[in-house]
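Structure first, commentary second.
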Amino acid sequence: MKIESILRAKGRSVTTIQPWSTIADAVDRLHGPPRIGALVVTGVPRGFTGMITERDVIRGLKMHGPALLEQRVSTLMTHHVPTCSPDDTVATVMMQMTRTRYRHVPVLDHGELAGLISIGDVVRSRLDEMELETGVLRDLYVARH
């Protein structure tokens, strides 16, 4: 199964924020609605410049205290984020997420931001795939006996 199938099911909408926005603005967006775990930081003509997650905010609060909320997103965001393409397999991206410990991966299609997938999206997709395989195998077994 390809990442494109996840995007078709969940949509390609991505909640973004600018690097010059404050951390307080990022917290408002993360809190929702809808409640989300990560924001893609844009501010460039194509693609994106980084990401900021709930974890980043929590770690930043531990280091800087309440003053963090007035800082810019660019001071806290992660700059080098793994990406995937719509043509990548779900299994490949699942391994990448496990290896790099990123729970959210932007999807780039020819350099353009095409979506964002979470570990929950990937696991849900894999479970659906396994359920389908189980059903097919059960039907084959019943048909032969």
Under 14 Å, Cβ to Cβ, from residue 137 - net charge with Lys/Arg +1 and Asp/Glu -1: -2
Percentage, to the nearest whole number, of Cα pairs in the chain over 21 Å apart: 49 percent
What helices does the chain hold that run 24 Å or longer along their axis, going by alpha-carbon atoms, with a Kyte-Doolittle average of -0.5 or more, using DSSP H for the helix calls? 119-144
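Computed FRET efficiency, Cβ-Cβ of residue 136 and residue 103, R0 35 Å: what is it to the nearest 0.05?
0.70
Values quoted throughout were computed directly from the atomic coordinates according to the rules given, and no laboratory measurement underlies them. Keep in mind the model is a prediction, meaning the values are calculated, not measured. Ideal geometry is used to build each Cβ from the backbone, glycine not excepted, and the neighbour counts take in all protein chains shown.
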